[in-house]
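Read through the structure below, which is laid out as structure tokens, and then see the notes.
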2 protein chains.
Amino acid sequence: MDQRPIGVFDSGLGGLTAVHSLWRILPEEDLIYFGDTARVPYGSRSREAILKYARQDVRFLRSFDLKAILIACGTVTTTSLAALQAENDLPMVGVVEPTCRRAVLMTQNKRVGLIATAASVRSGAYEAALRRLDPEVTVFSRACPLFVPLAEAGRIRRGDVVIETVAREYLTPLKNAGVDTLILGCTHYPLLTDVIGDVMGPGVELVSAGEESAFELKRMLKARELRADERRRGETEFYVSDRVEDFERTASLFLQEDLRHTARRIDIERY
Amino acid sequence: MDQRPIGVFDSGLGGLTAVHSLWRILPEEDLIYFGDTARVPYGSRSREAILKYARQDVRFLRSFDLKAILIACGTVTTTSLAALQAENDLPMVGVVEPTCRRAVLMTQNKRVGLIATAASVRSGAYEAALRRLDPEVTVFSRACPLFVPLAEAGRIRRGDVVIETVAREYLTPLKNAGVDTLILGCTHYPLLTDVIGDVMGPGVELVSAGEESAFELKRMLKARELRADERRRGETEFYVSDRVEDFERTASLFLQEDLRHTARRIDIERY
């Protein structure tokens, strides 16, 4: 047993969808969440910029004595996971591998869709993982650059013509390609599950990055005997890199429950 | 006469609308443009974060021997202009003062609308300038957080239900308040002139921040005898802080002409 906390980070607040899953799947674990709200969004940036930011995020989290890190960010995982793992002597779980494993299990017709940020799609990381897991899978991918700003603005509901129009434009080519499984390759996108599901129709399975990585983390902790005492109830601390005033309202959106926590602000560029 | 270049900067590419005006109004001047594309958007960040970024932007520009700086960014002007002016011994023009002077000249019914980023609206800088110029003016202001990401995604055209719906939601309260003048308080917004004009109707004058600050810069250079030789033709150099691959295409959108220039990339966090 190991009571040390797990570090979780994202470019912003999208990674809270993974925290939501962790609270359900690993309720006994302590979590330290960092959201880089001063530099969100990462998904439109270059690979070098993202790697630099991700290294600072990890250095901040490692100022705590952690037992593992969950990279709850599609963009960081696709561009920087290998480098971060090589540089750090603690277990790190990203979102790509577990999500692709699930997608390969789900698909019947071997046609898998991927939606993610521009940086993630450019990286080709999801495609590479899917082909490694099943060489017969055909991947249809599409960058959705407006999904993060629209989700952070709370435009996530059915009947909102703005998000519905943008979703239809992004997703119709994937639907027409006949995919039966769609990877939501960015931890912001589970907020858009209703809208995305309406466009794709009932025949298409949605696989959410945050959720699958939470299960993967549980398996990893179990295998390495790093789990906390299951009789305890874990605590979560929240840190952000910009103003905390709007944190509670926006975080409640991602966590799908009223938040009793507040966030503390840190200067990420000092790390 | 003074042939030294003028520095122009913005959080991203919105400030190119001011460059577009400068090319017309001061064609003989050399310009050095910096767009902080690695850290755009500033408008959703805190005042401290914006001031820190703006100081780095000015330090980079001052690595050239400049005669003046145009802050082609509503968010930097509203939050940081006074601090930057106090710290720098060269003339700096922002977008607030010239824009408000124009708005006060245009309004007949003394009801002026302001649209800008969240940080600009929070700062109260436009309201303060308008009241100083004319204490009888009533200001109706509204933050429009989705306008920057939508404009940068090229969603600026009439008939696009996404930008038209968002514009109608943001602007209807201002229209209902009976404003006869609307300040576009962010240098990205001139791209949305058609869409904004359609919602506000023909009775409302639109005052664009980039355009007015270019006129103000011309007056200032003339008064201080800093203008370049009017027979020459100026050159513009472009610098950005993130990948240059998409620069040409996106910049053409803001400059409303095909760009023959490329941008060079610099590491802004070293300044």
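Checking the range A:239-250 against the condition returns a match, with at least one residue being under 21 Å from the mean Cα position of the chain (by Cα), surrounded by fewer than 18 Cβ atoms within 10 Å (Cβ to Cβ) and assigned to a helix (DSSP H, G or I). The set of residues from the range B:133-153 being over 21 Å from B:Met200 (Cα atoms) and in contact with a helix residue (DSSP H, G or I) (Cβ under 8 Å, 6 or more places away or on another chain) comprises B:Leu133, B:Asp134, B:Pro149, B:Glu152. Among the conditions (1) closer than 28 Å to A:Thr79 by Cβ; (2) in the same structural domain as A:Ile50 (by TED's automatic domain parsing); (3) free of Cβ contacts under 8 Å to residues at least 24 places away in the same chain; (4) not charged (D, E, K, R), the only one that A:Ser252 does not satisfy is (1).
Out of curiosity, is B:Pro135 of a type outside the set (A, V, I, L, M, F, W, C) and buried (at least 18 other Cβ atoms within 10 Å of the Cβ)? Answer is no for this residue.
Looking at the range A:129-231, the helices (runs of 4 or more DSSP H) lying wholly inside it that each contain 3 or more residues that are within 14 Å of chain B (Cβ to nearest Cβ) sit at A:147-152, A:161-176.
Contact map, the range B:79-108: first residue under 29 Å from B:Asp65 (Cβ atoms), second residue among the aromatic types (Phe, Trp, Tyr) and in a helix (DSSP H, G or I), Cβ cut-off under 7 Å, separation 6 or more or different chains; pairs are B:Val96/B:Tyr126; B:Pro98/B:Phe215.
Contact annotation: residue pairs with Cβ atoms under 6 Å, 6 or more positions apart or on different chains, pairing a residue in the range A:114-126 that is more than 14 Å from A:Cys73 (Cβ to Cβ) with a partner that is surrounded by fewer than 24 Cβ atoms within 10 Å (Cβ to Cβ) and charged (D, E, K, R), are A:Ile115/A:Arg142.
Of all the criteria given as (1) within 20 Å of B:Ala129 (Cβ to Cβ); (2) of a type outside the set (Lys, Arg); (3) assigned by TED's automatic domain parsing to the domain that holds B:Ala143, the one not satisfied by B:Met220 is (3). Comparison of A:Leu114, A:Leu61 shows that the only residue that is farther than 22 Å from A:Ala151 by Cα and modelled with pLDDT of 95 or more is A:Leu61.
Of all the criteria given as (1) of a type in the set (Ser, Thr, Tyr); (2) in the same structural domain as B:Cys186 (by TED's automatic domain parsing); (3) crowded, with 24+ Cβ neighbours inside 10 Å, the one not satisfied by B:Thr37 is (2).
Can you tell me which residue in the range A:114-128 is nearest to the other protein chains (Cβ to nearest Cβ), limited to those that are touching a strand residue (DSSP E or B) at 6+ places or on another chain (Cβ under 6 Å) and either in a strand (DSSP E or B) or aromatic (Phe, Trp, Tyr) (or both)? Steps first, please.
Narrowing the range A:114-128 to residues touching a strand residue (DSSP E or B) at 6+ places or on another chain (Cβ under 6 Å): A:114-115, A:118, A:121, A:126-127.
Keeping just the survivors that are either in a strand (DSSP E or B) or aromatic (Phe, Trp, Tyr) (or both) gives A:114-115, A:126.
Numbers: A:Leu114: 20, A:Ile115: 15, A:Tyr126: 20 Å.
By that ranking, first place goes to A:Ile115.
Out of all the residues in the range A:15-47, which are within 14 Å of chain B (Cβ to nearest Cβ) and not aliphatic (A, V, I, L, M)? The answer is A:Gly35, A:Asp36, A:Thr37, A:Arg39, A:Pro41, A:Tyr42, A:Gly43, A:Ser44, A:Arg45, A:Ser46, A:Arg47.
Taking the stated definitions as given, is A:Leu66 out of contact with any His (no Cβ under 9 Å at 6 or more places or on another chain), more than 12 Å from every other protein chain (Cβ to nearest Cβ) and part of a loop (DSSP other than H, G, I, E, B)?
Taking the combined requirement at face value, the residue satisfies it.
Condition check ((1) acidic (Asp, Glu); (2) modelled with pLDDT under 95) across all residues:
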site	(1), (2)
A:Gly159	no, no
A:Glu164	yes, no
A:Tyr170	no, no
A:Gly178	no, no
A:Gly197	no, no
A:Met220	no, no
A:Arg243	no, yes
A:Phe247	no, yes
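Residues that are closer than 21 Å to A:Ala153 by Cβ and in contact with a Phe, Trp or Tyr (Cβ under 7 Å, 6 or more places away or on another chain) within the range B:156-185 comprise B:Leu174, B:Gly185, listed in sequence order.
Report yes if B:Gly234 is in a helix (DSSP H, G or I) and either in contact (Cβ under 8 Å) with a residue 12 or more places away in the chain or surrounded by fewer than 19 Cβ atoms within 10 Å (Cβ to Cβ) (or both), otherwise no. Considered against the rule, which asks whether it is in a helix (DSSP H, G or I) and either in contact (Cβ under 8 Å) with a residue 12 or more places away in the chain or surrounded by fewer than 19 Cβ atoms within 10 Å (Cβ to Cβ) (or both), B:Gly234 comes out as no.
The values are calculated or read from the model by the stated rules, or taken from the named source; none is laboratory data. Here the structure is a predicted model, which is why all the values come from computation and not from measurement. Methodologically, a virtual Cβ is constructed for each residue, glycine included, from the backbone with ideal geometry; neighbour enumeration extends over all protein chains shown.
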